[in-house]
Amino acid sequence: MAFNNKEEWLKEFTEFSKFDTTDVKVPAMAFENLKKRLFPNPWTVFGKIAVIHAVLGFLSLAVCNQFGLNPFQTDQSLTNWFMKVAGHNFCMLLCGTFFMATTFVFANLFLSLEELESIKRYEWLQTGIMGLVSLAAFYYFGAELVGTFVALWILGALIGGLLSVEGSYRLRRSFT
């Protein structure tokens, strides 16, 4: 309802503000549901992120083979280009960044703003755990992990995770 006349708007607002709310009873369950939506459980959010990460992490190996893992037997990979640009160390840093950033960028599509805020609240913890679990999964599936490369990959994963969490959150806030 659009009000072109300021006096008419003021009259409607005055009527609205005089409404007696003493007889209105709000069920306690409504407040409980509101609290759950506004402050989601961080473990539930982490579970959602873990599922998104498992799917996207596996799919990202098709375009960026990491630690020698190439489950799709693709001929071309971002790793080839990264190594040509600046060598193996740069490749490990960027592969970690790409691997982790894809998770949090795509999570922006599936999670609510409140869930993104929960991720932002615990971004260091969630990104760190996700990176370490990913390395453990790589090792489990036969990847050859070497100290320096692992350190560079985890640094890249932290950078990619933290930047993508921040960027996704800001982007989502700007459209809300």
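The values are calculated or read from the model by the stated rules, or taken from the named source; none is laboratory data. Remember, it's a predicted structure, so these values are computed and weren't measured experimentally. Cβ atoms come from the backbone with ideal geometry, glycine included; neighbour counts cover every protein chain shown.
Quick notes
- Test: F98 is at pLDDT 85 or above and either surrounded by 15 or more Cβ atoms within 10 Å (Cβ to Cβ) or of a type outside the set (F, W, Y) (or both): yes
- Subset tally (residues that are surrounded by fewer than 17 Cβ atoms within 10 Å (Cβ to Cβ) and over 15 Å from A101 (Cβ atoms)) for the stretch 144-171: 6
- Set T148, T102, T176, T97: member being of a type in the set (S, T, N, Q) and closer than 23 Å to K36 by Cα: T176
- Residue list for the stretch 117-143, restricted to those being loosely packed, with under 14 Cβ neighbours inside 10 Å and closer than 22 Å to T79 by Cβ: L132, A136, Y139, Y140, F141, G142
- Number of positions in the stretch 129-143 that are within 16 Å of F99 (Cα to Cα) and out of contact with any helix residue (DSSP H, G or I) (no Cβ under 7 Å at 6 or more places or on another chain): 8
- Some residue of the stretch 75-94 being of a type in the set (V, I, T), surrounded by 19 or more Cβ atoms within 10 Å (Cβ to Cβ), farther than 30 Å from L34 by Cα and at pLDDT below 85: yes
- Condition check for A50: assigned to a loop (DSSP other than H, G, I, E, B), in contact (Cβ under 8 Å) with a residue 12 or more places away in the chain, under 27 Å from Y139 (Cβ atoms) and among the small types (G, A, S): no
- The set of residues from the stretch 120-176 being among the charged types (D, E, K, R) and under 15 Å from V45 (Cβ atoms) comprises K120, R121, E123, R172.
- Of all residues in the stretch 34-47 being within 30 Å of Y140 (Cα to Cα) and of a type outside the set (G, A, S), the one that is surrounded by the fewest Cβ atoms within 10 Å (Cβ to Cβ): W43
- Of the set (1) small (G, A, S); (2) surrounded by 18 or more Cβ atoms within 10 Å (Cβ to Cβ); (3) modelled with pLDDT of 85 or more, all apply to G57 but (3).
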